[in-house]
Amino acid sequence: MVLHNKHDKSTLRKKLEAETFKRITLSFYRYVNIQDTEAFRTDLYLRLEALNILGRIYIAHEGINAQLSVPEHDLDAFRTMIDTDPHFTGVPFKIAVEDNGQSFIKLIVRVKNKIVADGLADNAYDVTNVGNHLNAAQFNEALDDPKTIVIDMRNHYESEVGRFEGALCPDADTFRDAMTKGLEMVSDKQDHKILLYCTGGIRCEKASAWFKHHGFNDVNQLYGGIIEYAKHIKQQGLKTKFIGKNFVFDDRLGERITEDVISACHQCGEVCDNHVNCANDDCHLLFIQCKSCAEQMDGCCSATCKEIFHLPIDAQRKLRKGRQKTDTLSVYKSRLRPNLKDIIALSRDLSA
């Protein structure tokens with residue numbers, strides 16, 4: 001019994017491109033007690049594979065967090081499968097705003113300590129004591145209240161390309177950072193109405209409980225996150241107060257909500273909101289790159305990575321195998337947030 005992918009990326013990509021049917025990208029989550037996570041993981045993997053479903057699922061004793069690509073013709077069968085499991089009956093699906101059918105190339109189901117890592121002990125606060133859930137219209141109305149404070153509970157690279165007007169955006173690399181820094185930003189505003197939002201709502205479930213634990217009483221969260229907000233805004237003809245792109249954690253790396261571009265290429269500074277991963281597999285830095293820089297740098301973040309990228313595959317593997325974790329070959333990791341503009345300029349000066 002094989003419970004993991006056995007093929008390389010190229011093979012998986014070709015297989016996906018050869019499909020003659022449409023796929024639907026969706027996500028869902030639920031905080032629910034799962035006793036035997038390993039057995040649950042095995043059973044779920046086999047049932048999803050039988051329906052040719054791709055994506056990434058995290059399972060923990062506290063629940064499930066799933067982002068999936070489902071064949072359209074099997075969507076009803078998948079809904080039935082989910083509803084017949086007492087853990088997840090009626091769990092709402094968030095359907096992608098933009099979908100090219102290329103969101104995932106394989107199926108990953110992993111057991112984790114938590115479905116959303118907050119870096120806190122399980123008994124640090126009551127995760128069930130959450131804030132009020134607001135729909136799109138209610139969220140818009142709340143934003144018009146002058147005493148309202150809206151906080152983006154996502155990472156810095158997410159809010160960089162899209163956010164609600166007037167939102168406080170913690171300079172966070174992780175959800176744990178966002179929890180801590182978000183609270184610090186409003187520590188003296190406990191009498192204000194607090195609005196929280198994230199991509200699909202899962203992070204705000206914990207964040208709202210965290211804020212309530214620290215004495216905030218009027219805590220509210222956007223139900224279904226940005227994904228549901230964008231859908232309901234369109235359906236109901238409401239004015240969107242979210243501008244730019246909604247970053248997503250799959251191969252698309254973003255869904256356009258409005259035509260506003262509020263960020264810039266990290267290499268040249270031109271207006272751009274196109275996230276990419278560095279083409280050097282040993283780096284894979286997530287950064288914003290315009291078309292011009294992508295062509296000039298071959299999709300890489302630096303001259304060093306471009307040089308490695310053009311080495312024969314065997315030579316690249318040898319470099320990766322021979323280095324230590326402290327070596328400089330992979331210094332361009334996302335949490336270091338390198339100043340790519342300066343790195344590119346320096347490499348040009350040295351080669352001049």
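No value in this document is a laboratory result; all are computed from the given coordinates. On a predicted model such as this, the values are computed, not experimentally measured, just so you know. Here the Cβ is made from the backbone with ideal geometry for all residues, glycine too, and neighbour counts use every protein chain on show.
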Can you tell me the relative contact order of the chain? Whole percent, Cα pairs under 8 Å, sequence separation 6 or more.
13 percent
Suppose R0 equals 25 Å; then what is the FRET efficiency for Glu38 and Asn123 from their Cβ-Cβ distance, rounded to the nearest 0.05?
0.60
Quick one: among Ala117, Ala207, Ala50, which has the greatest mean-square fluctuation in a GNM of the chain with alpha-carbon springs under 10 angstrom?
Ala50
Rg/Rh for the stretch 3-105: what does it come to with C-alpha atoms and Rh from Kirkwood?
0.96
Which entry is the computed percent of Cα pairs over 37 Å apart for this structure: [x] 11; [y] 23; [z] 29?
[y]
Pop a pseudo-label 7 angstrom from the Cα along the beta-carbon direction at both Asp281 and Lys147 and give the gap in nm to one decimal.
5.7 nm
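Using a simple charge model, +1 on the beta-carbon of Lys and Arg, -1 on the beta-carbon of Asp and Glu, nothing else, what dipole does the stretch 16-111 show about its Cα centre, in debye to the nearest 20? Don't jump to the answer; show the numbers that get you there.
On the way: 10 positive and 14 negative charges, 41 e Å.
For the stretch 16-111, the charge dipole is close to 200 debye.
Using only helices, what value at 222 nm comes out for the chain when you add -39,500 (n - 2.57) per DSSP H run of length 4 or more and divide by the total residues, to the nearest 500 deg cm²/dmol? Each step should come with its number before you reach the end.
Values: 12 runs with 115 residues, N = 352.
Helix-only estimate at 222 nm: -9500 deg cm²/dmol.
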Between Asn135, His213, Asn123, whose Cα lies farthest towards the positive end of the dipole of the stretch 119-216 when Lys and Arg beta carbons carry +1 and Asp and Glu beta carbons carry -1, centred on the Cα centre?
Asn123
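Could you tell me the calculated FRET efficiency between Thr240 and Ser10, based on Cβ-Cβ distance and R0 = 35 angstrom, to the nearest 0.05?
Values: r = 38 Å, r/R0 = 1.10.
Computed FRET efficiency for Thr240 and Ser10: 0.35.
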Quick one: how many lysine pairs does the stretch 85-209 have with C-alpha atoms less than 18 Å apart and a gap of 8 or more or different chains? Give me the count, please.
8
Can you tell which of Thr180, Thr84, Thr20 shows the greatest fluctuation in a Gaussian network model of the chain with Cα springs below 10 Å?
Thr20
Pulled fully out, how much extra length does the chain show between His133 and Ile262, if you take 0.36 nm times their separation in residues and subtract their Cα-Cα distance?
43.7 nm
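Summing +1 for each Lys or Arg and -1 for each Asp or Glu, what net charge is found among the other residues whose Cβ lies under 10 Å from the Cβ of Lys94?
Numbers: positive: Lys231; negative: Glu228.
Net local charge, Lys94 excluded: 0.
Test of the criteria: in the stretch 1-67, which trypsin sites (Lys or Arg not before Pro) are in a DSSP loop and have at most 10 other Cβ atoms within 10 angstrom of their Cβ? Present the calculation step by step, with values, prior to reporting the outcome.
Values: sites: Lys6, Lys9, Arg13, Lys14, Lys15, Lys22, Arg23, Arg30, Arg41, Arg47, Arg56; in loops: Lys6, Lys22.
Hits after loop and neighbour filter: Lys6.
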